[in-house]
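One structure is given here, and the rest of the page talks about it.
The values are calculated or read from the model by the stated rules, or taken from the named source; none is laboratory data. The structure displayed is predicted, hence computed values, not measured ones. Quick reminder, even Gly has a Cβ in these numbers, built from the backbone with ideal geometry, and neighbours come from all protein chains shown.
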Amino acid sequence: MVRSLEKAAAWIDEVGLALVFPKADLVLPSLWEQVNGSPEQNWAVRDPDGGFVRWSEEMGFLWGAKDDLPAAGLACVGKHLARVAACIAPRMLPTLVAARDDDAPEGRLVLTTSHLVEQEGPWGAIAHELLARKWPLPATLPALPDARRVLARLVLAHAGELTAADLAAPFGWRRKEAAAVLDEIAEGREAEGFRIWAQP
């Protein structure tokens, strides 16, 4: 169970890419599942009538961690995958940036979470920064085809098997592009009218 920033950062580094909260149509792992021990949405403690009492201990940790991780320089956090909050291991940022399609709005990595700014009221405000300034990238990035193969292998390793739609969804790729990458790195088969790829 993840209960410290250091353990959260180590897990994110191990998996490379993860969502903050699970999403049914995305095949990536989530930090919430590591904190909570399951994908169950037990985010709050409620009274017998269902009224909100307080956030669960797990949610309390994760809610702060998603802002503290980038503030401490431990993980990149932002809406960088499928327009939902995601955690990116710093080592994966050059690959993710290199794999983007500049013609697709979903593929652009411009702004990222920097830190939380305290303000009046119960919630702080999230400060954003240019991704390239918060996380300096090497002068030379991988070639786009190489970067996409790396990401495809990573997602395939998490999921076990994929459709082209499964691979395309997190990155905003076209299905035809995802299928071409999967043809290069995996074994495909027809199943129930769909083409599914698995590790060879």
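Tabulated data
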quantity	calculated
Elements of type helices (runs of 4 or more DSSP H) contained in segment 1-112, each with 1 or more residues being touching a helix residue (DSSP H, G or I) at 6+ places or on another chain (Cβ under 9 Å) and basic (K, R)	5-15, 57-71
Members of segment 1-60 found to be surrounded by 21 or more Cβ atoms within 10 Å (Cβ to Cβ), of a type in the set (S, T, N, Q) and under 15 Å from the mean Cα position of the chain (by Cα), listed by number	S30
Subset of segment 169-182 [in a helix (DSSP H, G or I), in contact (Cβ under 8 Å) with a residue 24 or more places away in the chain and more than 15 Å from P29 (Cβ to Cβ)]	F171, E177, A178, V181, L182
Residue within segment 117-134 that is in contact with a helix residue (DSSP H, G or I) (Cβ under 6 Å, 6 or more places away or on another chain), within 26 Å of S30 (Cβ to Cβ) and not small (G, A, S) present	no
Single unsatisfied condition, P70 versus (1) under 25 Å from A168 (Cβ atoms); (2) touching a Ser or Thr at 6+ places or on another chain (Cβ under 6 Å); (3) of a type outside the set (A, V, I, L, M)	(1)
Of all residues in segment 110-152 being of a type in the set (K, R) and buried (at least 17 other Cβ atoms within 10 Å of the Cβ), the one that is farthest from R83 (Cα to Cα)	R149
L93 under 14 Å from the mean Cα position of the chain (by Cα), among the aliphatic types (A, V, I, L, M), crowded, with 20+ Cβ neighbours inside 10 Å and closer than 13 Å to F171 by Cβ	no
Output for segment 87-112, where each listed residue is closer than 14 Å to K66 by Cα and modelled with pLDDT of 95 or more	C87, I88, A89
Those residues of segment 125-144 which are in a loop (DSSP other than H, G, I, E, B) and of a type in the set (A, V, I, L, M, F, W, C), in sequence order	W135, L137, A139, L141, A143
Sole residue being modelled with pLDDT under 95 and under 26 Å from P136 (Cα atoms), chosen from D68, D47, D13	D68
Residue in segment 2-18 that is among the aromatic types (F, W, Y), in contact with a Phe, Trp or Tyr (Cβ under 6 Å, 6 or more places away or on another chain) and closer than 27 Å to D166 by Cβ present	no
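Yes or no, residue by residue, for (1) in a strand (DSSP E or B); (2) over 30 Å from G64 (Cα atoms); (3) of a type outside the set (V, I, T):
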residue: E120; (1), (2), (3): no, no, yes
residue: D146; (1), (2), (3): no, yes, yes
residue: V155; (1), (2), (3): no, no, no
residue: L167; (1), (2), (3): no, no, yes
residue: E184; (1), (2), (3): no, yes, yes
residue: E190; (1), (2), (3): yes, yes, yes
residue: I196; (1), (2), (3): yes, yes, no
